[in-house]
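In what follows, a structure is listed as structure tokens, so that the remarks can point back to it.
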Amino acid sequence: MARTYCSHCQLPNLSCLCAHVVEQTCPVPVLIYQHPLEAKHAKSTVPLLRLALPDIQVDVGEVFTSPPLLSQGDWWLLYPDAQALDIDKPVDKQAAHLTQANIGGLIILDGTWRKTRLLLHLNPWLRQLPCLSFSQAPPGAYHIRKGPGGQALSTLESLSHVLDRLSPTFSPTPLRKLLSVRVKQFVAYTD
Ligand SMILES: [Zn+2]
């Protein structure tokens, strides 16, 4: 019998996640540049992000043109560069306030570490952007797929943590719940 798919979440009907999705408005513009191999990966967390944060933009490819200037603040690249501003490090209040006002939008590279380094190499303009990193994110729950070193967080968890830090109105909880439902599905399939 042919598999039927949910027209909204695009998953097989048996795995439809729609009942678990709590939509939120993204507090800042978010642009995800996704490597084509990652776009085909069944365990990518970006489809979950698109369901829960419908206003994020996802571009698939290897070479991208820089996005239009924002009306307020700059685009920041979420990347653990040595010069990156650690969003979890306590800085004095005024500096923190100025920085937050300046973070007008977030750019995220989605792929393995190897592929995200390749995207940086192919798009030198990304190197001109201020970088944001984090150091105190809650432990990852996406055990079905480990990053290099076993510690990397999924794209969904990384973005949830940063948006939680940036905006008092954003809640990471619905996204984390959605991820845990997805993890349970994968575990059930492989048992
Ligand atoms: Zn669905």
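Consider segment 143-190 and keep the residues that are of a type in the set (Lys, Arg) and in contact with an Asp or Glu (Cβ under 9 Å, 6 or more places away or on another chain). The one that is modelled with the highest pLDDT is 176.
Do we have any residue at all in segment 41-50 that's more than 20 Å from residue 155 (Cα to Cα) and surrounded by fewer than 19 Cβ atoms within 10 Å (Cβ to Cβ)? Give the steps one after another, and end with the answer.
Keep residues of segment 41-50 that are more than 20 Å from residue 155 (Cα to Cα), which gives none.
Looking for residues that are more than 20 Å from residue 155 (Cα to Cα) and surrounded by fewer than 19 Cβ atoms within 10 Å (Cβ to Cβ), one finds none in segment 41-50, hence no.
Looking at (1) modelled with pLDDT of 95 or more; (2) touching an Asp or Glu at 6+ places or on another chain (Cβ under 7 Å); (3) not aromatic (Phe, Trp, Tyr), can you tell me which one residue 55 breaks? Against the list (1) modelled with pLDDT of 95 or more; (2) touching an Asp or Glu at 6+ places or on another chain (Cβ under 7 Å); (3) not aromatic (Phe, Trp, Tyr), residue 55 comes up short only on (2).
Residues of segment 6-41 that are within 16 Å of the ligand (Cβ to nearest atom) and of a type in the set (A, V, I, L, M): 11, 14, 17, 19, 21, 22.
The values are calculated or read from the model by the stated rules, or taken from the named source; none is laboratory data. The structure displayed is predicted, hence computed values, not measured ones. We place every Cβ from the backbone using ideal geometry, glycine too, and count neighbours over all the protein chains shown.
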